[in-house]
Amino acid sequence: MQLYMPTKVYSDKSCVKKHGKEMVSYGSKAMVVTGKHSSRMNGSLADVEEVLKNENVPYIVFDDVEENPSIETIMKAKAIGLAEKVDFVIGIGGGSPLDASKAIALMIANPDEKEEVFYQPKKLPNLPVICIPTTCGTGSEVTPYSILTIHKGRTKKSISHRIFPELALLDAEYLKSMPRTNLVNTVTDALGHLIESYLNVNSNEWNRIYVREGLRVFADFKERLQLDMLLEDDYEKMLRTSSWAGMAIAHTQTSLPHGLSYALTYEKNIPHGRAVGLFLAGYVNTYEDQKAVSEVMELLGFSDTEQFSNYMYDLLGSEQVEAELLEKTANDLMKDTGKLKNYPFNITKEELMQMYQK
Ligand SMILES: [Zn+2]
């Protein structure tokens, strides 16, 4: 077993301002990587800019990161970052900007490398990355992963390079302006990370520490989430759960629901967390080791998988997905040996297709 969590994490109210000096200590010119809207709405971008100005650290803002960032966007940011001579990257937002910030930090540190390098097993340096999550699902602020959209393959895939952020600054205040659907989708992603990490070939008593605590906290807020009656404290709990889930998959990676979700997101624009969530009930029902599944259910506070399935259905509703698309996504996954090997048992294409929540 190996435990490795090199990202330094602060979780606090006004975290960015409180730890601003440390945030700017990673370089002399920053590239702030974010999307167009949410970091302006929730105040996170303003907080970061205030710190950079007060500390007299020059910076540029790259806010062209789209949902499910493409390789093209990363290459565009690379050119700007090189021209502006930035030497550290601050990612603000949900999984898309945070994942993008890692890929951009990799490319700027390796000016001669072309986009092919994303999927080559090469050891390369990267600029320091600081992540400030404003959703509660991805956990990207504490994982080494960066998932990019590959238009050629009509899907998404994690790059080969492992890039842990140096620093993660967690302030649940930023979550509060999120629309309910986004909140539900992102926290479902965190739930997927927890379940797929526990029911995973790489799972062990050490990395299950993160999962167990994450599942317990999820059990605490799950009913209020379902009823849309969240309390003030719940935002911090959701953000914490999401980071713990990230720490869990940093050790185990994800499994089948994530593998199955990517083509759904690409073809039908279904948000990542929701696309994962639609496979979760099927995953726990299919999983051969039902003793391990019972442990997960117990930690989550469900009596059995049927109660869990009903909860997921109530939370996400149904989504019509054509049989051909399910077949494509199952076919893609059958070829993805990296993802399949995280599943401890044999699985058929038909079983994969049946995991979908109708
Ligand atoms: Zn995910």
Checklist entry - With point charges of +1 on the Cβ of Lys and Arg and -1 on the Cβ of Asp and Glu, referenced to the Cα centre of the stretch 204-342, which listed residue (300, 326, 204) lies farthest in the positive direction of the dipole? => result 204
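What does the helix-only formula give at 222 nm for the chain: each DSSP H stretch with n ≥ 4 adding -39500 (n - 2.57), the total divided by the residues, and the result rounded to the nearest 500 deg cm²/dmol? Write out the running numbers ahead of the final one.
Working: 17 runs with 181 residues, N = 358.
Rounded to the nearest 500, the figure is -15000 deg cm²/dmol.
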Checklist entry - Any idea what the relative contact order of the chain is, in percent, if you count C-alpha pairs under 8 Å spaced at least 6 apart? => result 16
Checklist entry - So what is the relative contact order for the stretch 219-351, in percent, with contacts set as C-alpha pairs under 8 Å and at least six apart? => result 29
Checklist entry - Projected onto the charge dipole of the chain (+1 at Lys/Arg Cβ, -1 at Asp/Glu Cβ, origin at the Cα centre), which of 179, 282, 127 gives the Cα projection farthest towards the positive end? => result 127
Next on the checklist: Going by Cα centres, the stretch 197-213 and the stretch 292-341 are how many Å apart?
Outcome noted: 18
Checklist entry - Given H placed 1.01 Å from N in the peptide plane, which residues other than close sequence neighbours of residue 33 have an amide H under 5 Å from its amide H? => result 62, 90, 91, 92
Item to check | Nearest-20 debye value, the stretch 224-358 charge dipole, Cβ charges on Lys, Arg, Asp, Glu | outcome: 400
Checklist entry - Between residue 124 and residue 53, what FRET efficiency comes out of the Förster formula 1/(1 + (r/R0)^6) with R0 = 45 Å and r the beta carbon distance, rounded to 0.05? => result 0.90
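Do any GluC sites (Glu not before Pro) in the stretch 123-223 lie in a DSSP loop with no more than 14 other beta carbon atoms within 10 Å, and if so, which?
205
So what is the accessible area of the chain per residue, in Å², with the probe set to 1.4 Å?
On a per-residue basis, 42 Å².
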Checklist entry - Within straight cross-link reach of residue 291, meaning Cα distance under 23 Å, which lysines are found once same-chain residues fewer than 8 apart are removed? => result 222, 339, 341
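Give me the percent of DSSP beta bridges within the chain that run antiparallel, rounded to the nearest 5. Could you put the intermediate results ahead of the total?
Numbers: 4 of 24 bridges.
Antiparallel bridges make up about 15 percent of those DSSP assigns within the chain.
Given the Cα-Cα distance of residue 216 and residue 176 and 0.36 nm per residue of separation, how much length would full extension add, in nm?
Values: separation 40, 0.36 × 40 = 14.40 nm, distance 2.19 nm.
In short, 12.2 nm is gained.
Once you have the Cα-Cα distance between residue 323 and residue 204, take 0.36 nm times their residue separation minus that, and quote the gain in nm to one decimal.
Details: separation 119, 0.36 × 119 = 42.84 nm, distance 3.56 nm.
39.3 nm is the gain from fully extending residue 323 to residue 204.
Hey, got the dipole for the chain? About the Cα centre, +1 on K and R Cβ, -1 on D and E Cβ, debye to the nearest 20? Let's see the in-between values first.
On the way: 39 positive and 49 negative charges, 170 e Å.
Dipole size: approximately 820 debye.
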Checklist entry - How much net charge surrounds residue 158 when only other residues with a Cβ under 11 Å from its Cβ are counted (Lys, Arg +1; Asp, Glu -1)? => result +3
Item to check | Backbone HN-Hα couplings from phi across the stretch 91-105 [Karplus 6.51/-1.76/1.60, Hz, Gly and Pro as x] | outcome: x, 10, x, x, x, 5, x, 5, 4, 4, 4, 5, 5, 5, 4
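By the scheme Lys and Arg +1, Asp and Glu -1, what is the net charge of all other residues having a beta-carbon under 10 Å from that of residue 145?
Details: positive: 102, 162; negative: 99.
Combined, the nearby Lys, Arg, Asp and Glu give +1.
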Checklist outcome for this item: With a 1.4 angstrom probe the carbon and sulfur portion of accessible area for the chain, in percent, totals 50
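Which shape class, rounded, prolate or oblate, goes with the stretch 1-116 when its Cα gyration tensor gives a ≥ b ≥ c as root eigenvalues, a/c under 1.5 marks rounded, and past that a/b bigger than b/c marks prolate?
Details: a/c = 1.40, a/b = 1.26, b/c = 1.11.
It is rounded, given that a/c, with a ≥ b ≥ c, falls under 1.5.
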Next on the checklist: Which residue, 62, 77, 108, has the largest displacement toward the positive end of the dipole of the stretch 60-122 when charges sit on each Cβ (Lys, Arg +1; Asp, Glu -1)?
Outcome noted: 108
Item to check | Cα coordinate range in the stretch 38-94, projected on the principal axes (Å, largest first) | outcome: 33, 27, 12
Item to check | 5 angstrom amide H check on residue 70, placed H, neighbours 5+ away | outcome: 149
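Add +1 for every Lys or Arg and -1 for every Asp or Glu among the other residues with Cβ under 13 Å from the Cβ of residue 264, and state the total. Intermediate results must be reported in sequence, preceding the final value.
On the way: positive: 154, 156, 268, 274, 328; negative: 267, 319, 322, 324, 327, 332.
Once positives and negatives cancel, what remains is -1.
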Item to check | Per-residue ³J(HN,Hα) for the stretch 128-138, Karplus 6.51 cos²θ - 1.76 cosθ + 1.60, θ = phi - 60°, Hz, x for Gly and Pro | outcome: x, 10, 10, 10, 10, x, 10, 10, 10, x, 5
Next on the checklist: Can you compute the radius of gyration and Dmax for the chain, using only the Cα atoms, both in Å?
Outcome noted: 19.4, 58
Checklist entry - If the chain between residue 290 and residue 223 were fully stretched, how many nm would it gain, using 0.36 nm times the residue separation less the Cα-Cα distance? => result 21.7 nm
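FRET efficiency for residue 83 and residue 115, Cβ-Cβ distance as r, R0 = 25 Å, nearest 0.05? Provide the component values of the computation, followed by the final result.
Working: r = 18 Å, r/R0 = 0.72.
With a Förster radius of 25 Å, E is 0.90.
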Next on the checklist: With the cut-off at 27 Å, tell me which of the pairs 156/237; 123/156; 85/114; 17/102; 102/122; 8/114 have Cα atoms farther apart than that.
Outcome noted: 156/237; 8/114
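What is the stretch 162-231 by shape, rounded, prolate or oblate, if you read a ≥ b ≥ c off the alpha carbon gyration tensor as root eigenvalues and call it rounded for a/c under 1.5, prolate for a/b larger than b/c, and oblate otherwise? Mind dumping the intermediate values first?
Working: a/c = 2.15, a/b = 1.36, b/c = 1.57.
Oblate, because a/c is 1.5 or more while a/b does not exceed b/c.
With a cap of 13 neighbouring Cβ atoms within 10 Å, and only residues DSSP puts in a loop, list the chymotrypsin sites (Phe, Trp or Tyr not before Pro) found in the stretch 205-308. Please list the in-between numbers first.
Values: sites: 206, 210, 218, 221, 235, 244, 262, 266, 279, 283, 287, 302, 308; in loops: 206, 279, 287, 302.
For chymotrypsin sites (Phe, Trp or Tyr not before Pro) across the stretch 205-308 that sit outside H, G, I, E and B with at most 13 neighbouring Cβ atoms in 10 Å, the list reads 206.
The values are calculated or read from the model by the stated rules, or taken from the named source; none is laboratory data. Worth saying up front: this structure is predicted, and the values here are computed from it rather than measured. Don't worry about glycine lacking a Cβ; one is built from the backbone with ideal geometry, like all the others, and counts go over all protein chains shown. These accessible areas exclude ligands, DNA and RNA; they are computed on the full protein's heavy atoms, side chains included. Shrake-Rupley method; radii C 1.70, N 1.55, O 1.52, S 1.80 Å.
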